[in-house]
Amino acid sequence: MSRRPLVAGNWKLHGDKVMVRGLTDAILDALTPEGVTEVAVLPPYPYLGQVQALLADSEVGDRLRLGAQNVSVHGEGAFTGEVSAAMLKEFGCEYVLVGHSERRALFAETDQLVADKFVAAQRFGLQPILCLGETLEQREDAITEAVIGRQLEAVVAQAGVAAFENAVVAYEPVWAIGTGQTASPEQAQAVHAFIRRTIADMDAKIGDCLRILYGGSVKPDNAVELFNQEDIDGGLIGGAALKASDFISICQAL
Ligand code: 13P
């Protein structure tokens, strides 16, 4: 089994052209051609073209992957405000987040919609990064596995387990996002192992190869401990992805 480690920076609703240039250039400067860790940035839609151009101009541009934070289930048509997977592909995206807890909670995205987005992304050759996570209340009620299992099964039912060969999963406990309170390495490892087992029970090889990222208050000082866990294959970074030195330290930790 060899799973290529991945660190993805989710910039959320942050940035302007100056920041995008500075952050992208700083990350590119830190990347070496022989590095083993895959690194990705997920800027807001309007900056995808800018990052794509910066990557094209850089000798190590192919070491930094580009992704988006959201995608439409629709290919084209009268869907004002939507952005399709084909459009993301044209702007150089390889990854797209689906099911981030902020989309689920603030934009009422259901398990079904998340599954449809997962399928739409793959139809145009994007790798979905499927986010799963429980709230604090659900953890305290000891239903973490039931919640994660339900979120995962909804996508398996729609896309099939084979689709996970070209997807990434991110475990992001809602209570750890932007709170400074990270899951302990043991708590994170337990859920990651559960996710891998759930997929491996359907297809052992796909379960074994599936990359599962941890997200939720990952910082340079807790990254090593988290990434040392057997089933943690990298990180989905929010706040710390906006500061080049922090993001680079996290990538180096992996
Ligand atoms: P923070 O790293 O700011 O907790 O955000 C995590 C996240 O939501 C990444 O998608």
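Quick check on region 172-189: of everything there that is in contact with a Pro (Cβ under 9 Å, 6 or more places away or on another chain) and not polar (S, T, N, Q), which residue is farthest from residue 152 (Cα to Cα)? Ranking the candidates gives 183 first.
Here the strands (runs of 3 or more DSSP E) wholly within region 22-115 that include at least 3 residues being surrounded by 20 or more Cβ atoms within 10 Å (Cβ to Cβ) and out of contact with any Phe, Trp or Tyr (no Cβ under 8 Å at 6 or more places or on another chain) are 93-98. Residue 212 satisfies every condition listed in (1) in contact with a Lys or Arg (Cβ under 7 Å, 6 or more places away or on another chain); (2) more than 16 Å from the ligand (Cβ to nearest atom); (3) of a type in the set (A, V, I, L, M) except (2). Consider residue 166 carefully, then state whether it is away from the ligand (no atom under 16 Å from the Cβ), surrounded by fewer than 20 Cβ atoms within 10 Å (Cβ to Cβ), under 29 Å from residue 14 (Cα atoms) and in contact (Cβ under 8 Å) with a residue 40 or more places away in the chain. Yes; evaluated as a whole, the condition is true for this residue. Candidates 61, 22, 9: the one that is modelled with pLDDT of 95 or more, within 21 Å of the chain's Cα centre (by Cα) and at negative phi is 9. Within region 119-146, being assigned to a helix (DSSP H, G or I) and either more than 16 Å from residue 105 (Cβ to Cβ) or in contact (Cβ under 8 Å) with a residue 40 or more places away in the chain (or both) holds for 119, 120, 121, 122, 123, 140, 144, 145, 146. Could you give me the residue pairs with C-beta distances under 6 Å whose first residue belongs to region 213-242 and is charged (D, E, K, R), whose second residue is within 11 Å of the ligand (Cβ to nearest atom) wherever it lies, and which are 6+ apart or on separate chains? Pairs that qualify, where the first residue is charged (D, E, K, R) and the partner is within 11 Å of the ligand (Cβ to nearest atom), are 219/240.
Out of 246, 221, 231, one residue alone is within 14 Å of the ligand (Cβ to nearest atom), more than 24 Å from residue 103 (Cα to Cα) and crowded, with 17+ Cβ neighbours inside 10 Å. It is 246.
If I ask for residues that are assigned to a loop (DSSP other than H, G, I, E, B) and more than 11 Å from the ligand (Cβ to nearest atom), which ones from region 182-202 would you list? Across region 182-202, the qualifying residues are 184, 201, 202. I'm trying to understand the selection: among the residues of region 1-36, which are hydroxyl-bearing (Ser, Thr, Tyr) and farther than 30 Å from residue 200 by Cβ? 24, 32 - these are the residues of region 1-36 that are hydroxyl-bearing (Ser, Thr, Tyr) and farther than 30 Å from residue 200 by Cβ. Comparison of 120, 142, 159, 154 shows that the only residue that is small (Gly, Ala, Ser), surrounded by fewer than 17 Cβ atoms within 10 Å (Cβ to Cβ) and away from the ligand (no atom under 15 Å from the Cβ) is 142. Would region 174-181 turn up any residue that is within 16 Å of the ligand (Cβ to nearest atom) and either basic (Lys, Arg) or assigned to a strand (DSSP E or B) (or both)? Within region 174-181, none of the residues are within 16 Å of the ligand (Cβ to nearest atom) and either basic (Lys, Arg) or assigned to a strand (DSSP E or B) (or both).
The values are calculated or read from the model by the stated rules, or taken from the named source; none is laboratory data. Being a predicted model, the structure only gives us computed values, none of them experimental. Counting neighbours? That spans all protein chains shown, and the Cβs are built from the backbone with ideal geometry, glycine included.
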